[in-house]
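> Attaching a single structure in structure tokens format; questions to follow.
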Amino acid sequence: MSEAEGDRIAELAKRRGFFFQTAGVYGGVGGFYTYGPHGASLKDNLEAAWRELFVTREGHMEIDAPTVMPESVFAASGHLETFDDMILECPDCGASHRADHLVEDNTDIEEAESLPPAEIATTIAEHDIACPTCGVALAGEPVEEFNLMFETNIGPGTASPGYLRPETAQGIFVDFPQLSQYARNQLPFGVAQIGRAYRNEISPRKGLVRVREFSQAELEQFFDPETDEPPLTRVADVSLPLYSATQQAAEDGGLQELTVGEAVDRGVIESDWLAFYLGLSLDWYASVGVDMDRFRYRQHRPGELSHYAADCWDAETEIGGDWVEVTGFAYRGSYDLDKHADYSGESFSVFEQYDEPVTVERPTVDPDMSELGPRFGGVATDIADALETRAERDPDAFDGETVTVEVAGDRYTVPVEQTGFAVETVTESGEHVTPHVVEPSFGIGRLVYTALVHAHREDEVDGETRQYLALPPSVAPTTVGVFPLMDRDGLDEYAQRVAGELRATGLSVTYDDAGAIGRRYRRQDEVGTPFCVTVDYDSLEADTVTIRERDTTAQRRVPVDDLGETVLALRDGDCRFDEL
RNA sequence: GCGCCGGUGGUCUAGUGGUAGGACAUGAGCUUCCCAAGCUCAUAGCCCGGGUUCAAUUCCCGGCCGGCGCACCA
């Protein structure tokens with residue numbers, strides 16, 4: 001652990017091209033990192049592994065939405081309001097406070113968040129609100145607005161404000177009606193997306209942990225909360241390291257090791273869908289290089305939940321003594337779809353057919369427009385609509401001779417016989433359901449960082465300290481290094497040919513003929529290359545090469561003919577090195 | 001954003017009011033028949049701006065960036 005752990009990785013990352021701070025020649029810019037060659041490759045491999053599970057294996061759809069969205073999207077999602085904080089700083093002690101919270105705590109005003117900053121400042125002065133930290137009067141202090149979303153303008157001028165998305169999820173929610181079509185309106189279905197998101201953090205910290213631009217891999221699992229069940233049996237026996245809100249509150253609370261089945265049965269995880277994804281994801285973390293002894297699922301405490309979340313579990317990894325959120329598994333309910341339905345006026349529900357149609361009695365109207373039209377003129381259609389609404393809500397009103405409806409403040413009386421009122425027996429074949437959402441949201445950069453930190457090892461070879469990255473072969477940036485033992489006598493040509501043949505199989509290969517052989521092994525150790533192939537003088541005689549394993553430095557001699565297949569099998573875990 | 005501390009080749013560092021030295025890494029060459037060996041040579045640096053001074057990498061101020069604490073973290 002220790003800070004040294006993060007420092008070592010930051011140093012290695014910069015020196016060997018995993019990641020580094022962007023625009024260093026201009027002094028650098030806070031919270032922005034560039035992935036170097038090895039880092040970009042590692043990140044790609046991690047994303048591919050994610051896609052393999054959450055898209056391909058689970059059969060979900062993947063989309064790619066824009067990173068800039070119009071204001072209306074975030075007005076509906078709640079981000080415009082929740083991300084726009086009013087900060088007030090104490091002139092005396094320097095503490096920052098949420099100005100709207102000060103007002104709410106000290107006055108009868110609720111939802112002060114929706115008030116303009118000037119009004120908040122006036123209210124603070126009027127009520128003589130003092131700094132909660134030191135007690136100094138805050139009257140007259142400026143209320144600063146701070147929005148965590150990057151704002152921009154769409155097109156010329158400022159008429160169409162746009163925002164860089166603070167999460168990729170809204171790109172899925174906002175086009176749910178379209179996506180539902182592609183899923184043939186069949187719940188449950190999932191939509192995945194890998195992409196960039198942006199948050200103008202007040203103070204970015206700790207390398208890749210808190211940055212202003214980052215990659216998310218998110219899955220939105222849509223389901224009918226009444227009828228749809230996840231395939232829990234597939235993961236029922238997976239053992240989860242759980243740190244529930246209850247355990248966090250308990251004095252002696254610690255991790256609970258429960259299987260997915262047990263956690264659901266005991267109500268530790270309330271949502272079956274959340275439980276399913278916690279179970280499904282566990283092995284994935286291990287497969288991309290997370291040290292599972294430094295991993296836990298932690299439930300959000302009640303006050304910690306996001307504005308949209310009903311329940312949330314974070315996957316956390318331990319880095320330098322701190323626990324870092326690498327995934328949020330949120331139960332978002334129907335919050336997002338309801339909001340977009342509300343703001344847009346469009347339907348964000350799915351029509352679900354019943355197994356058996358249901359017959360119900362329903363009051364209907366069929367107004368006689370040949371009577372209503374001449375009599376009421378332009379408002380006739382509005383009156384017809386009002387009659388229809390009235391019939392649905394208050395069919396008893398049609399019991400008498402006439403019925404009265406109100407349109408735009410005026411009352412109109414219509415003879416019931418002209419309304420065509422009837423109670424019909426209709427057959428309903430289904431109903432409209434607004435799906436609920438469970439969302440696993442992976443922070444790719446934090447996982448890359450975790451993979452590097454957890455993979456870092458030191459050992460001793462022939463009295464020399466060796467530094468290496470024990471990355472899983474499937475995610476390591478380079479799979480195999482190829483070296484000629486000597487850069488002469490035809491060994492180099494032979495090795496070049498071997499490297500070319502390996503590349504042709506689709507493997508990620510690096511060729512190195514510079515310096516002593518040991519130095520070349522070390523270079524590859526440091527960037528986590530799991531296998532190195534060396535061409536020596538025996539190769540020229542017998543067409544065999546040595547293959548060396550990173551973690552043990554052990555070597556085997558193998559025929560060059562099926563080298564490609566051998567390395568592929570080693571990378572994919574179809575064969576163990578000590579079986580060669 | 002506030003406070004404290006810091007910023008010297010790609011990396012890690014020494015040092016200084018008269019523009020800098022090392023180690024590692026990198027490149028070229030020699031050597032070398034499997035784990036950072038050795039030799040020669042080469043490339044490469046005082047975060048930015050202002051001030052004080054004959055002279056600033058060094059002192060002062062501001063900025064940028066980083067670490068830590070506070071705040072923030074949908």
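The values are calculated or read from the model by the stated rules, or taken from the named source; none is laboratory data. It should be emphasised that the depicted structure is a prediction, and the values quoted were computed from it without experimental measurement. Here the Cβ is made from the backbone with ideal geometry for all residues, glycine too, and neighbour counts use every protein chain on show. Note: accessible area is taken over every heavy atom of the protein model, side chains too, but ligands, DNA and RNA are not part of it. Shrake-Rupley method; radii C 1.70, N 1.55, O 1.52, S 1.80 Å.
> Return a yes/no flag: does the range A:313-325 have any residue that is closer than 30 Å to A:Ile269 by Cβ, among the aromatic types (Phe, Trp, Tyr), outside any helix (DSSP H, G or I) and open to solvent by 60 Å² or more (accessible area, probe 1.4 Å).
To start, the set of residues in the range A:313-325 that are closer than 30 Å to A:Ile269 by Cβ comprises A:313-325.
Applying the additional criterion that residues be among the aromatic types (Phe, Trp, Tyr) yields A:313, A:323.
After this cut, where a residue has to be outside any helix (DSSP H, G or I) as well, the list is A:313, A:323.
Next, only the ones that are open to solvent by 60 Å² or more (accessible area, probe 1.4 Å) stay: A:323.
Yes, there is a match, as at least one residue in the range A:313-325 is closer than 30 Å to A:Ile269 by Cβ, among the aromatic types (Phe, Trp, Tyr), outside any helix (DSSP H, G or I) and open to solvent by 60 Å² or more (accessible area, probe 1.4 Å).
> Show the residue pairs that are 6+ apart or on different chains and have beta-carbon atoms under 7 Å apart, the first residue being within the range A:510-522 and under 14 Å from A:Arg16 (Cβ atoms), the second being open to solvent by 50 Å² or more (accessible area, probe 1.4 Å) and of a type outside the set (A, V, I, L, M, F, W, C).
Final answer for the pair search is A:Asp512/A:Arg523.
> Which one of the conditions (1) buried (at least 19 other Cβ atoms within 10 Å of the Cβ); (2) not assigned by TED's automatic domain parsing to the domain that holds A:Ala48 does A:Leu208 fail to meet, given that it meets all the rest?
Going through the list (1) buried (at least 19 other Cβ atoms within 10 Å of the Cβ); (2) not assigned by TED's automatic domain parsing to the domain that holds A:Ala48, A:Leu208 breaks only (2).
> Can you give me the number of residues within the range A:158-183 that are in a loop (DSSP other than H, G, I, E, B) and either within 15 Å of RNA strand B (Cβ to nearest atom) or open to solvent by 50 Å² or more (accessible area, probe 1.4 Å) (or both)?
So the count comes out to 9.
> Continuing with this model, one more query. Tell me the residue from A:Arg557, A:Arg519, A:Arg523, A:Arg503 that is more than 10 Å from RNA strand B (Cβ to nearest atom) and surrounded by fewer than 21 Cβ atoms within 10 Å (Cβ to Cβ), please.
A:Arg503
> Still on this model: Out of all the residues in the range A:41-49, is one or more out of contact with any Leu (no Cβ under 6 Å at 6 or more places or on another chain), surrounded by fewer than 17 Cβ atoms within 10 Å (Cβ to Cβ), of a type in the set (S, T, N, Q) and at pLDDT 95 or above?
Taking every residue of the range A:41-49 in turn, none turns out to be out of contact with any Leu (no Cβ under 6 Å at 6 or more places or on another chain), surrounded by fewer than 17 Cβ atoms within 10 Å (Cβ to Cβ), of a type in the set (S, T, N, Q) and at pLDDT 95 or above.
> Could you list, in sequence order, all residues of the range A:384-409 that are farther than 27 Å from A:Glu428 by Cα and surrounded by 11 or more Cβ atoms within 10 Å (Cβ to Cβ)?
Result: A:Thr402, A:Val403, A:Thr404, A:Val405, A:Glu406, A:Val407.
> So which residues in the range A:229-256 are buried (at least 18 other Cβ atoms within 10 Å of the Cβ) and within 30 Å of A:Ser349 (Cα to Cα), if there are any at all?
Within the range A:229-256, A:Pro230, A:Val235 qualify.
> I've got another one for you. For the range A:184-199, enumerate the residues that are more than 10 Å from RNA strand B (Cβ to nearest atom), part of a loop (DSSP other than H, G, I, E, B) and open to solvent by 40 Å² or more (accessible area, probe 1.4 Å).
Once the filter is applied, which keeps residues that are more than 10 Å from RNA strand B (Cβ to nearest atom), part of a loop (DSSP other than H, G, I, E, B) and open to solvent by 40 Å² or more (accessible area, probe 1.4 Å), the range A:184-199 yields A:Arg184, A:Asn185, A:Gln186, A:Pro188.
> Is it the case that the range A:347-357 has a residue that's in a helix (DSSP H, G or I), out of contact with any Asp or Glu (no Cβ under 7 Å at 6 or more places or on another chain) and farther than 30 Å from A:Phe295 by Cβ?
no
> Now a separate question. Looking only at the range A:294-312, filter to residues that are in a strand (DSSP E or B) and open to solvent by 20 Å² or more (accessible area, probe 1.4 Å); which one of those is farthest from RNA strand B (Cβ to nearest atom)? If you could, list the steps in order and put the result at the bottom.
Of the residues in the range A:294-312, the ones in a strand (DSSP E or B) are A:295-299, A:311-312.
Applying the additional criterion that residues be open to solvent by 20 Å² or more (accessible area, probe 1.4 Å) yields A:296, A:298-299, A:311.
Numbers: A:Arg296: 18, A:Arg298: 13, A:Gln299: 14, A:Asp311: 13 Å.
For the range A:294-312, the residue satisfying everything is A:Arg296.
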